[in-house]
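Here is the structure we will look at, set down as structure tokens.
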Amino acid sequence: MWQSIKIANFVIVTTMLLFHGCSIYVSTTSKELKKNRFLVLSMYLSLSDSALGLEFIYHNILVFMNPQGVTFQYQCLLIQHLIGGTIMSSLVQTLLICIERLNATFTTQKGILVLVSSNKGVLLYFILSHCIALLRFGMATIDGPVPCDPKNTTTTLSLFSHDIPCLCIVVAIISCYGVVVYRMISLQNFVPTSSMTESQVAKKKAKSIRTRRNAVTLGLIIAVSLVAVLPRSILVFYSYMGNKSALAGTLTLIFNNIFLLLNPVVDPIIYVLRIKKYRQYLRCKCLKKNTVSDLVNKS
């Protein structure tokens with residue numbers, strides 16, 4: 001079963017990297033999309049998810065090699081903790097998108113919110129989450145190497161240094177999203193349109209529609225994040241209470257290799273389904289590439 005799940009994991013990860021590769025290509029080659037802060041932060045989320053995919057691939061290689069030496073066991077333990085750090089980083093990226101959407105509900109952007117969701121902030125949080133992962137790895141190696149077993153990811157150390165912080169980030173995401181939705185509803189009911197010109201009313205409606213669509217897109221991303229993170233967190237709490245059974249081990253295997261990948265796999269699909277400009281640019285890039293290929297073949 002272990003090998004079957006890892007094969008399924010490898011297929012999912014390969015698909016995920018393909019999706020995110022297209023997402024990053026479209027985002028970086030389209031000048032108009034790069035001006036949209038929401039999509040820029042979504043691109044950073046794609047980069048973080050791509051890093052997660054590469055880490056999973058390396059972990060799969062180690063598992064298929066079935067290493068027994070101390071060096072391989074340390075590598076497996078290290079990559080497991082780095083995967084945890086990247087998952088935490090992806091959750092932080094989602095929180096930053098929520099903060100950016102919150103800032104968009106203000107007439108004048110708040111400096112502290114701009115600073116928190118800036119490019120430097122994104123890099124800082126990515127480094128910090130992986131520093132926590134490396135610290136956790138160092139503490140885990142005190143007792144020597146351990147087998148490359150998924151049960152070793154549900155320890156007390158991982159509970160307090162990974163799962164509880166991730167749950168706190170999820171709570172912050174939900175809270176921030178709730179404030180965004182509340183402010184959107186309040187602003188729509190508060191701002192009068194009788195004293196505005198037709199062009200101002202049209203701009204206001206367009207902005208409201210765009211903000212509402214972004215909020216719905218963000219809501220879908222958050223929903224997928226909850227489905228991906230909460231089952232494992234609940235299972236870790238269950239194991240921490242001393243309930244370690246064969247079923248818990250099987251569920252750990254499934255949650256670590258399937259559920260945690262739901263978020264990075266589904267995110268690019270959400271972008272395509274929900275963001276019209278993203279679909280248009282993706283279609284243009286594909287058609288342009290196909291046109292060039294046809295010309296080359298004809299010549």
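The values are calculated or read from the model by the stated rules, or taken from the named source; none is laboratory data. Keep in mind that what you see is a predicted model, and the values were worked out from it rather than measured. Please note: Cβ atoms are built from the backbone with ideal geometry, for glycine as well, and neighbour counts cover all protein chains shown. Just the protein is used for accessible areas: all its heavy atoms, side chains included, with ligands, DNA and RNA removed. Shrake-Rupley method; radii C 1.70, N 1.55, O 1.52, S 1.80 Å.
How big is D for the range 1-132, in µm² s⁻¹ as a whole number, if Stokes-Einstein is applied with the Kirkwood radius of its Cα pairs at 25 °C and 0.890 mPa s?
On the way: Rh = 16.4 Å.
Stokes-Einstein gives a translational diffusion coefficient of 149 µm²/s.
At 1.4 Å probe radius, can you tell me the per residue accessible area of the range 1-129 in Å²?
Each residue of the range 1-129 exposes 46 Å² on average to a 1.4 Å probe.
At a 1.4 Å probe radius, carbon and sulfur cover how many percent of the accessible area of the range 1-109?
C and S atoms contribute 69 percent here.
Residue by residue through the range 74-86, which ³J(HN,Hα) values in whole Hz follow from phi under the Karplus form 6.51 cos²θ - 1.76 cosθ + 1.60 (θ = phi - 60°), with glycine and proline marked x?
Karplus values, whole Hz, x for Gly and Pro: 5, 4, 5, 5, 5, 5, 4, 6, 5, 4, x, x, 6.
Taking the simple approach of a point 7 Å from Cα along Cα-to-Cβ for both THR15 and MET139, what is their distance in nm?
So the two model labels end up 3.6 nm from each other.
Give the calculated FRET efficiency between LEU128 and ALA206 to the nearest 0.05, with a Förster radius of 45 Å applied to their Cβ-Cβ distance.
Calculated value: 0.75.
Would you calculate the separation in nanometres between label points at LEU247 and VAL216, each defined as 7 Å from the Cα along the Cα-to-beta-carbon direction?
With each label placed 7 Å out from Cα toward Cβ, I get 3.9 nm.
Normalised radius of gyration for the range 108-170, please: alpha carbon Rg relative to 2.2 N^0.38 Å, two decimal places.
1.51
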